[in-house]
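The values are calculated or read from the model by the stated rules, or taken from the named source; none is laboratory data. All values derive from a computational prediction rather than experimental measurement. Methodologically, a virtual Cβ is constructed for each residue, glycine included, from the backbone with ideal geometry; neighbour enumeration extends over all protein chains shown. These accessible areas exclude ligands, DNA and RNA; they are computed on the full protein's heavy atoms, side chains included. Shrake-Rupley method; radii C 1.70, N 1.55, O 1.52, S 1.80 Å.
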Amino acid sequence: MSFLPIDGRAYHYRDVGQGRPVLLLHGFPLTGASFWPQLDAVPKGVRLIVPDHRGFGQSARGEGPLSIDGFAADALALLEALKISQATVGGVSMGGYIAMALLRADPSRVDRLVLIDTQCNADDEAGKAKREATAVEVETTGLDSLVETMLPKLLASKAPDEVRRRVEELMRSVDPKTVAAASRAMAGRPDSRELLSRFAGPSLVVVGTEDAITPVAKARELAALMAGSRRVELEGAGHLSNLEKPEAFNAALAEFLAF
Ligand code: MLT
């Protein structure tokens, strides 16, 4: 088990395999364990690094509000501590927002980008208000209503029961105060279209064709911004395509990393 102390907090990460570094950042409201099919099958020649964002999984929360930039700063501190000057940086949904924040903070660290079931747009006013309502609801009543409303959107209706069970377990493992703070953090993220249009490295955009949160159109918009981007649409997967179609996802990632 690996922890990095950052500002007196313990930041937990998984570091599996040897070779070209790939940092994968998890979505909301999950933990790094939500990359289990990738952690169990790291391609030869790849070093997969998967942190828990502060407050999630085994990473301590620390003081103050959460922000997407703060999550990205932790991930950058981890790369620095591991002496990784450049990595492929990827993320699922909120993890994608964090990958974009990391790119904004230090483009020199990002060799390739992998954006999975995510989007480049900021929230509009209605979206921000929804985030605040989610935060208040979770703070006052706990996670039940979020699990009830969000779980069916995270996964396609045909997702395996075992995946559904494990995703629910991960959602329920996070402190409601952290979930509320992360909801507010997502509302504060900027638009990243200009940032992505300036990214000159190789990029991979993956989306489930049944993604109900960041649908295929969002992935197409993302891919169109980046010159030469590869786009993979995983048939029948929902918002957590890396869990719902793990073999196809892993094959797409391995192929992207190998070229
Ligand atoms: C996620 O999966 O990380 C969230 O659904 C992202 C979002 O709500 O924008």
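List of remarks:
- When residues of region 102-158 are limited to those that are of a type in the set (Ser, Thr, Tyr), free of Cβ contacts under 8 Å to residues at least 60 places away in the same chain and closer than 25 Å to residue 51 by Cβ, the one most open to solvent (accessible area, probe 1.4 Å): 108
- Condition met for residue 33 (within 16 Å of the ligand (Cβ to nearest atom), among the aliphatic types (A, V, I, L, M), out of contact with any strand residue (DSSP E or B) (no Cβ under 8 Å at 6 or more places or on another chain) and modelled with pLDDT of 95 or more): yes
- Put simply, of 246, 215 the only residue that is surrounded by fewer than 22 Cβ atoms within 10 Å (Cβ to Cβ) and touching a residue at least 24 places away in the same chain (Cβ under 8 Å) is 246.
- Subset of region 1-45 [over 19 Å from residue 244 (Cα atoms) and of a type in the set (A, V, I, L, M)]: 1, 4, 6, 10, 16, 22, 23
- When residue 234 is tested against the conditions (1) buried (at least 19 other Cβ atoms within 10 Å of the Cβ); (2) within 15 Å of the ligand (Cβ to nearest atom), the lone failure is (2).
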